[in-house]
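S.K.: The structure follows.
The values are calculated or read from the model by the stated rules, or taken from the named source; none is laboratory data. As the structure is a prediction and not an experimental result, all values here were calculated from the model. In this analysis, Cβ positions are derived from the backbone assuming ideal geometry, glycine residues included, and neighbour counts consider all displayed protein chains.
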Amino acid sequence: MPSGSLRVELLSAFGQDAKMDLMYMKRKAILKALENYDEDTKVIIGRRDVDSKALAGYFFPGVSGEPSIFGERKEG
């Protein structure tokens with residue numbers, strides 16, 4: 001990322017507890033970013049679902065990012 005920016009990337013998880021495992025990984029990544037980078041570092045976190053938005057809101061209250069739209073289109 002450009003100087004002063006950090007993008008939090010996660011791996012995927014499978015199985016019965018996959019959703020909870022992903023949230024724990026995201027939480028750990030955010031905590032490590034807060035621990036290891038200056039306050040003026042721009043932290044970019046994917047917020048593609050309700051849980052991710054809530055987690056980002058918890059760690060960064062009052063901060064929002066640019067909306068992104070992801071999707072898939074199939075040609076007939």
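Let's see how each residue does on (1) modelled with pLDDT of 75 or more; (2) in contact with a Ser or Thr (Cβ under 8 Å, 6 or more places away or on another chain); (3) surrounded by 10 or more Cβ atoms within 10 Å (Cβ to Cβ); (4) not in a loop (DSSP other than H, G, I, E, B):
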position: 7; (1), (2), (3), (4): no, no, yes, yes
position: 11; (1), (2), (3), (4): no, no, no, no
position: 16; (1), (2), (3), (4): yes, no, no, no
position: 20; (1), (2), (3), (4): yes, no, yes, yes
position: 24; (1), (2), (3), (4): yes, no, yes, yes
position: 27; (1), (2), (3), (4): yes, no, yes, yes
position: 30; (1), (2), (3), (4): yes, no, yes, yes
position: 34; (1), (2), (3), (4): yes, no, yes, yes
position: 40; (1), (2), (3), (4): yes, no, no, no
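S.K.: Any residue in the range 12-36 that is farther than 20 Å from residue 61 by Cα sitting within a Cβ distance under 6 Å of a residue that is in a loop (DSSP other than H, G, I, E, B)? List the pairs, counting only those 6 or more apart or interchain.
M.R.: 21/13; 22/13
S.K.: Out of all the residues in the range 43-65, which are surrounded by 13 or more Cβ atoms within 10 Å (Cβ to Cβ) and either of a type in the set (Lys, Arg) or not in a loop (DSSP other than H, G, I, E, B) (or both)?
M.R.: 43, 44, 45, 47, 51, 52, 53, 55, 56, 57, 59
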